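Presented below is the structure to which this report refers.
The values are calculated or read from the model by the stated rules, or taken from the named source; none is laboratory data. As the structure is a prediction and not an experimental result, all values here were calculated from the model. Cβ atoms come from the backbone with ideal geometry, glycine included; neighbour counts cover every protein chain shown. Side chains included, ligands, DNA and RNA excluded: accessible areas come from the protein's heavy atoms. Shrake-Rupley method; radii C 1.70, N 1.55, O 1.52, S 1.80 Å.
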Amino acid sequence: MPQYLKRGATAESKAAANRQVRDTVETILADIEMRGDAAVRDLSIRFDNWDRDSYRLSNAEIAACIDTLSPQDVKDIEFAQTQVRNFAQVQRASMQDVEVETLPGVVLGHRNIPLNAAGCYVPGGKYPLLASAHMSVITAKVAGVPRVVTCAPPFQGKPAPAIVAAQAMAGADEIYCLGGIQAVAAMGLGTQSIAPVDILVGPGNAFVAEAKRQLFGRVGIDLFAGPTETLVIADEAGCDAEIAATDLLGQAEHGPDSPAVLLTTSDKLARETMREIDRLLEILPTRGVARKAWEAFGEVIVAESDAEMVRIADEIASEHVQVMTADPDYFLQHMTNYGALFLGRRTNVSFGDKVIGTNHTLPTKKAARYTGGLWVGKFLKTCTYQRVTTDAASALIGEYCSRLCALEGFAGHGEQANVRVRRFGGRDVPYGGAAAPSDLTRVDA
């Protein structure tokens, strides 16, 4: 049985917070749907103290933001975007259109069709998270989306230059300085000045995530997202207290509700890491946020074996899972529920968040049980088609279809089949009846 040296917040407290967010978002979405741009402006002034004639940035404003960055800043952004683009292109190449003749004269296929418009939210109220622009805009463009819209909130009273630069360099077609629920709703519902999109992607705070959840169905979304989560799986052979503590707090700084969990087979490493966390929380510049997250949502679990750690980790289904053990590949081979794995102490979540090339928009709140993270495939629709090229094939399929429709009582469906049997098979099938077996049905698949 695992031993819990530290537990996080209860399910009841989380549920209460979720209810408050849900009610707030529902009210705001209804207001934006009714009043459009006027509601968006009121909300932007209320929440961000931000107003202007148009929230869309002009080409001149975009160029001015880029010009404020140093040449090294621009090179660093270009490097990160190259890594993201390279991996996205490999993913896109793995998705092939197909066409196959499954029976003589029966041709089936599918095409991977890009969505027409994507809305990408880039968080930036607390930290200017330019990496989210790479992850969403580049991935959409590699998929072939012709119109990519981005929204990011103002940072310290103006558009965040690094975010704007990243959005533009990634290939965004429309760039808005607009944040929060109002940004997500404007893209998802559309307003008088912003045409609606087909899918909403990108991370955000609890209100942004809930707005996406409530808009799902009217538009697609990448995934249901919550606060950043990190799980460190470690043992004494693969990790030490300094690295474990640093990697836990490195993600806890995202927000006061970000879970950070240590799962280990070593009681010694667990206790040393907890002491190291206390030490680092005295000197970490973002300790104000990280401390709240660790105190409220941090957990330390001591398991009996690697197998038990796999079982616990799959129950947690964390967004980020760092594996720093004697045999990280054991977890790669056996774990099934995670957003992304980071194998060995030479890598870490921050690499994935910022630069290495895998996408950092990942499932949270146990959504890793049924989905992976944002990738090229999220911006593509895999749509099937069929073609029947011979009379004999149409009559053959028609006979089977006729009898199967009769089993279900769908006379109209059956007639769609029967008319082909009559016309292309030369057989007399009574209207509303079912085709009797013939020599054609011997050609079975």
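List of remarks:
- Since only Ile175, Thr230, Tyr127 are under comparison, the one whose Cα sits farthest along the positive direction of the charge dipole of the range 93-243, derived from C-beta charges on Lys, Arg, Asp and Glu, is Ile175.
- With all protein chains kept in place, the per residue accessible area of the range 46-141 amounts to 53 square angstrom at a probe of 1.4 angstrom.
- Kirkwood Rh in Å, taken over all unlike Cα pairs in the range 53-186: 16.2 Å
- From phi via Karplus (6.51, -1.76, 1.60), per-residue ³J(HN,Hα) for the range 102-115 in Hz, x at Gly/Pro: 7, 9, x, x, 10, 10, 10, x, 9, 10, 9, 9, x, 5
- Shown here is the pair-distance distribution of the range 100-174: with all Cα-Cα distances grouped in 5 Å bins from zero up to the longest one, the shares run 3, 17, 23, 16, 10, 7, 5, 5, 5, 4, 3, 2, 1, 0 percent.
- Pairs from the table (Lys354/Lys378; Lys268/Lys365; Lys75/Lys126; Lys126/Lys354) lying more than 22 angstrom apart at Cα are Lys268/Lys365; Lys75/Lys126.
- Considering only the Cα atoms of the range 335-378, their convex hull presents on average a projected area of 3.6 nm².
- Computed over the range 248-315, Cα set: Rg, Dmax in Å: 12.6, 37
- When the solvent-accessible area of the range 38-133 is split by element, carbon and sulfur atoms take up 54 percent of it, the probe being 1.4 Å.
- Column: log10 I(q)/I(0), Debye, Cα scatterers of the range 208-294, q = 0.20, 0.23 Å⁻¹: -0.84, -1.01
- Mean Kyte hydropathy of 0.5 or more with a Cα span along the axis of at least 18 Å, helices from DSSP in the chain: 391-408
- Across the options Gly432, Tyr400, Asn337, the greatest Cα extent toward the positive end of the charge dipole of the range 336-445 (unit charges at beta carbon of Lys, Arg, Asp, Glu) belongs to Asn337.
- Adding -39500 (n - 2.57) for every DSSP H run of four residues or longer, then dividing by how many residues the chain holds, sets the calculated 222 nm ellipticity at -14000 deg cm²/dmol.
- Segments 354-361, 384-391, 400-407 sorted - mean Cβ within 10 Å per residue, highest first: 354-361, 400-407, 384-391
- Where N is the number of residues in the range 127-275, Cα Rg divided by 2.2 N^0.38 Å: 1.27
- For the range 271-415, the share of accessible area belonging to carbon and sulfur comes to 54 percent (1.4 Å probe, ligands and nucleic acids excluded).
- Solvent exposure of the range 297-431 as accessible area per residue, Å², 1.4 Å probe: 50 Å²
- Using Cβ point charges alone (K and R +1, D and E -1), the dipole size of the chain about the Cα centre works out to roughly 900 debye.
- The alpha-carbon positions of the range 194-258 define a convex hull whose volume is 109 Å³ per residue.
- Relative contact order (%) - criterion: Cα under 8 Å, at least six apart; region: the range 205-283: 31 percent
- Taking one quarter of the surface of the convex hull spanned by the alpha-carbon atoms of the chain gives a direction-averaged projected area of 27.3 nm².
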